[in-house]
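A.B. asks: Pasting a structure below so you can have a look.
Bear in mind that the values in this text are calculations on the coordinates, not laboratory data. Only a predicted model underlies this, so the values are computations on that prediction, with no experimental measurement involved. Here the Cβ is made from the backbone with ideal geometry for all residues, glycine too, and neighbour counts use every protein chain on show.
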Amino acid sequence: RTLDFAQEGGVGHSILAVDSVLEIQNQAKQQLQRAAMAAAAADVLLPSKRQKNNPSCLGTLPVLPATATADWSSLQPDIVRHIANSFLTTDDVDCYMDLRAVCHNWRCATDDPKDDTSDPRFLPYRWIILNDAFQSGTRLLLVNTSTGRFLHRELPLLRDYYVITTTLTGFFILADRSPPHAARVFNPLTGGTIPFTVPVPPEVNVAGSICFDFTLPLLTLLCDSSHKLYMARPDQFEVEDHKFPVYSFIRRAVVGGLIGRWWGSAGMADVI
């Protein structure tokens, strides 16, 4: 492979490093975590033992200089960004986050998803939360609908909130444990949250959706027992009551992800 942005004199080392990391990318996520261990390794490898033909005699391999191994943390920023962006093209946001966790230099070379929680590159649109046993635990199973990859995710943050529901696009809708139980949207891949002032209705069956097609994210909550519709921006919200046929239509549209710019611009009567 050739890299236009490799510096003269260091091309061979850079290409070797890139090939090594790209090989990690094509393997399981655990391989990337091993790279994190390599980044924290000592500058000089420890001597290792090898067994000769004579079992009673142990030989010691020579100490290898640090330059003989991949110095992951010193990769050029352009290379790190190239690798990170390749994860985003397949919606493997979790691998992107693991890459950023390797070392300080890699975090500086890549964008922090928490700087803009609405950035479409980091939204879990292609992820589905498979199990709904989150009321009793914090370890969940997700699947990437683009690649078919399964992901077990430990989410300790769920202990701090009431989990109301999940969306078709991979988000959690949470509620503060203290009154008035304001809503909060949680991205399980980046750990980012978006707070809302709208209180979560005290009902058992609540469905929801989050839309980022507007300047501010639009949260929609639907209450099956009261047929109420909550439409909320982070700092404001409104509540509408609907009869069952209308509510049923709206619920199917919202839960099915049929929300876009038309939802906010069209009147409800026009939509129906």
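A.B. asks: So which trypsin sites (Lys or Arg not before Pro) in the stretch 153-242 are both in a DSSP loop and have at most 10 other Cβ atoms within 10 Å of their Cβ? Walk me through the numbers on the way to the answer.
C.D. replies: Working: sites: Arg153, Arg159, Arg177, Arg184, Lys228; in loops: Arg177.
For trypsin sites (Lys or Arg not before Pro) across the stretch 153-242 that sit outside H, G, I, E and B with at most 10 neighbouring Cβ atoms in 10 Å, the list reads Arg177.
A.B. asks: Over the Cα atoms of the stretch 121-271, what is the Rg over Rh ratio if Rh follows Kirkwood?
C.D. replies: Looking at the stretch 121-271, the ratio lands at 0.95.
A.B. asks: Roughly how far apart, in whole Å, are the Cα centres of the stretch 194-241 and the stretch 75-102?
C.D. replies: Rounded to whole Å, the Cα centres lie 33 Å apart.
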